[in-house]
Amino acid sequence: MEDHKIVDLYWQRSERAVKETAGKYGKMLDGISYSLLSSKEDAEECVNDTYLEAWNKMPEDRPAYLGAYLARIVRCISIDRFRAAHRQKRGEAASLTDELADCIPSGMTPEEEYENGRIAKLINKFLFELDEERRRMFTLRYFYSDSVSDVAHKLGVSVPKVKTTLHRLRGELREYLEKEGISV
């Protein structure tokens with residue numbers, strides 16, 4: 001079913017909206033959440049919370065890309081769950097934040113800066129200007145939280161290539177943001 005039809009079902013308050021969403025995006029949402037939490041049970045709860053939030057807060061502007069809208073929700077819910085469960089521990093999500101710390105202005109976490117809006121627009125513009133492979137590499141690693149080896153496997157490239165490319169992309173992103181007036 002097409003995204004706009006699923007959104008219409010949410011607006012009609014049809015329970016079928018959740019069923020259609022789960023059928024079309026359930027595996028993707030579960031994968032995002034599991035990659036952050038490493039717990040099947042927690043991931044399932046976060047995905048269910050995502051469906052509930054979509055049900056309660058479907059925006060009036062109706063998202064053009066329902067998958068991206070849902071991915072953002074499940075990612076935020078999963079990060080919140082991770083933080084609550086690991087207040088004193090550092091894991092994969094923390095290491096991803098550390099990787100991007102040199103590219104994003106200090107004082108806030110990358111998630112908080114993303115919410116800020118301006119940086120989000122600049123990062124989107126930066127990504128849009130990349131070739132497809134580098135854009136997918138960056139997105140798989142920093143949005144979907146895939147491991148470096150998973151990114152290499154999905155893109156059919158070597159792990160060293162992924163590490164090198166991501167290192168260079170972080171440097172390019174830092175330069176780009178500084179050029180745009182964001183002090184890092």
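Read-outs: derived from the displayed coordinates by stated rules, not from any lab. Fair warning: this is a prediction, and the values are worked out from it, not measured in the lab. Glycine gets a Cβ as well: all are built from the backbone with ideal geometry, and neighbour counts include every protein chain shown.
Miscellaneous remarks
- Pair Arg118, Ser149: separation of 7 Å Cα→Cβ label points (nm): 4.2
- Between Asp61 and Ser183, the simple label model (points 7 Å from Cα in the Cβ direction) yields a spacing of 3.0 nm.
- Residues Glu132 and Leu52, FRET efficiency given R0 of 30 Å [Cβ-Cβ distance, rounded to 0.05]: 0.30
- Cross-link partners of Lys125 among lysines (Cα-Cα below 16 Å; sequence separation of 8 or more within a chain): Lys179
- Shape analysis of region 3-85 yields a ratio of the Cα radius of gyration to the Kirkwood radius, Rg/Rh, of 0.97.
- Cross-link partners of Lys40 among lysines (Cα-Cα below 24 Å; sequence separation of 8 or more within a chain): Lys19, Lys24, Lys27, Lys89, Lys154
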